[in-house]
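See structure below.
The values are calculated or read from the model by the stated rules, or taken from the named source; none is laboratory data. Keep in mind that this is a model prediction, so the values were computed, not measured. Here the Cβ is made from the backbone with ideal geometry for all residues, glycine too, and neighbour counts use every protein chain on show. Each accessible area value is taken on the protein alone, full model and side chains, heavy atoms only, with ligands, DNA and RNA left out. Shrake-Rupley method; radii C 1.70, N 1.55, O 1.52, S 1.80 Å.
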Amino acid sequence: MPLKRHTYTYPTRIEYGPGAMKDFTSIVKESGLKKGLIVTDKGIEGIGLADELKGYFAEVGIETVIFSDVKSNPTEENVLEGTKVYKESGCDFIVGLGGGSPLDTGKTIKVMATHDGPLEKYDDMKGGDKYIINNMPPYYAIATTAGTGSEVGRSSVITVNNKKTIIFSPYMMPDIAVLDPNVTLKLPAKLTAATGVDAFVHSLEAYIMEVFHPMADGIAKEAMEMCVNYLGTAVDNGSDVEARGNMLMASAMGAIAFQKGLGLNHAIAHAMGVIFDIHHGLANAVVMTEVMRYNMTKDSIREKYASLGAIFGVENDAEKVIEAADKWLESLGMKVSLSSIGVTEDKLQAIEDYAIGDPCFPLNPKVAEKGDVVKILKNIL
Ligand SMILES: [Fe+2]
């Protein structure tokens, strides 16, 4: 491939390991910050994690306010309400505590703390990133699931006027990402499996993307191996700190790798999420190997899949890799038919139509044509 100019922005400070959530409050203290807004959701608040974090901040003399009105698909209202609490409470920094939804909401509150609304102005699809300037308060992100990797990402997805809107800016990258496996120990097995496969697919799709980014490729490959080696243990034994820690790291690595972009797998999963409200990780898992079979018909992708043989303990052969991936998904309880999760044949065309309009669709290294998505889905109905 001829050498071209590239700009790489590699991510951020990561505080990793058991106890990182407590320890990082001392780092915030050293920065001279006084009062924080903890952005989380009702589920996280309900299991006591937000109060635990509040307690750690109190130990180092920092006051915090908890804001937990964050929906699973966060809205502009959630962001504006959180921004209001931030301003009225006199906060000077923000901490996101959660999966993708609270972390994305926290990131966007950071923007709105110093920028004027409406949020639509910052829609990335309309070039809104140019309005986001670096005058924002510090933002820290604590991941409570190993999947989205939002803690090392520079964008958020917020529903604005009933439309999923991407807000993006390099300045939205959290100042510190906290990966503490103790925080994820209570995640139920099914959710552990679904979020973990999402992390794997991030790496898989980034890895096959035809963009010159060997750093991302190396990270993606290592992250896929970590998922294959540790996700099963994390699902079977949720309190295994080593497995949880490896999955948290693999999830962050996946998100770092997908700076290259995501493809058809995610375009279809997004459509299934919107039309059938299917969990994002589960949607990705269900279509994963069928999308691989489709992509494999392009020689360059076939070679990439073949190079994953060692990860699955098979020879470097794309078909054997896909077979092994199917077995892996089955062992995680993630290899199920579309109809068993509520997808009906009459909606396959609607899934395709939505997927074609998804920002990930045109990035897929094999260009899908009309009818291809329906064919893929029919094979696994
Ligand atoms: Fe994803």
* Translational diffusion coefficient, Stokes-Einstein: compute it for the stretch 13-183 using the Kirkwood radius over C-alpha pairs as Rh, at 25 °C and 0.890 mPa s, and state it as an integer in µm² s⁻¹. => 158
* Structure fact -> Descending packing, highest mean Cβ count within 10 Å first, for 283-293, 337-347 is 283-293, 337-347
* Expressed as an acute angle from 0 to 90° and rounded to the nearest 10, what is the orientation of the C-alpha long axis of helix 348-357 relative to the principal long axis of the chain? -> 60
* Once both axes come from the Cα atoms, what is the angle between helix 214-236 and the longest principal axis of the chain, in degrees from 0 to 90, rounded to 10? -> 90
* Just need log10 I(q)/I(0) for the chain at q = 0.08, 0.12 Å⁻¹, Debye formula, equal scatterers on the alpha-carbon atoms, no solvent, rounded to two decimals. => -0.39, -0.89
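Quickly estimate the mean residue ellipticity at 222 nm for the chain, helices only: each DSSP H run with n ≥ 4 gives -39500 (n - 2.57), and the total goes over all residues, rounded to 500. Please list the in-between numbers first.
Values: 15 runs with 186 residues, N = 381.
Helix contribution divided over all residues of the chain: -15500 deg cm²/dmol.
Which whole-number value in Å² is the accessible area per residue of the chain, probe 1.4 Å?
Numbers: 15790 Å² over 381 residues.
Per residue, the chain has an accessible area of 41 Å².
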* Based on the Kirkwood radius over alpha-carbon pairs, what is the Stokes-Einstein translational diffusion coefficient of the stretch 315-381 at 10 °C with 1.306 mPa s viscosity, in µm²/s? -> 116
* Computed E for E77/L3 - FRET, C-beta separation, R0 51 angstrom, nearest 0.05 -> 0.60
* Asked: Nearest-5 percent of antiparallel DSSP beta bridges in the chain?
  -> 25
* Structure fact -> So the angle from the long Cα axis of helix 100-112 to the longest Cα principal axis of the chain, reported in degrees to the nearest 10, equals 50
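Determine the gain in length on full extension of the stretch V367-K34; use 0.36 nm per residue of separation and subtract their C-alpha separation, reporting nm with one decimal. Don't jump to the answer; show the numbers that get you there.
Values: separation 333, 0.36 × 333 = 119.88 nm, distance 5.11 nm.
So the chain would gain 114.8 nm between V367 and K34.
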* Asked: How are the C-alpha pair distances of the stretch 162-278 spread across 10 Å bins, as whole percents from the shortest bin up?
  -> 14, 38, 38, 10, 0
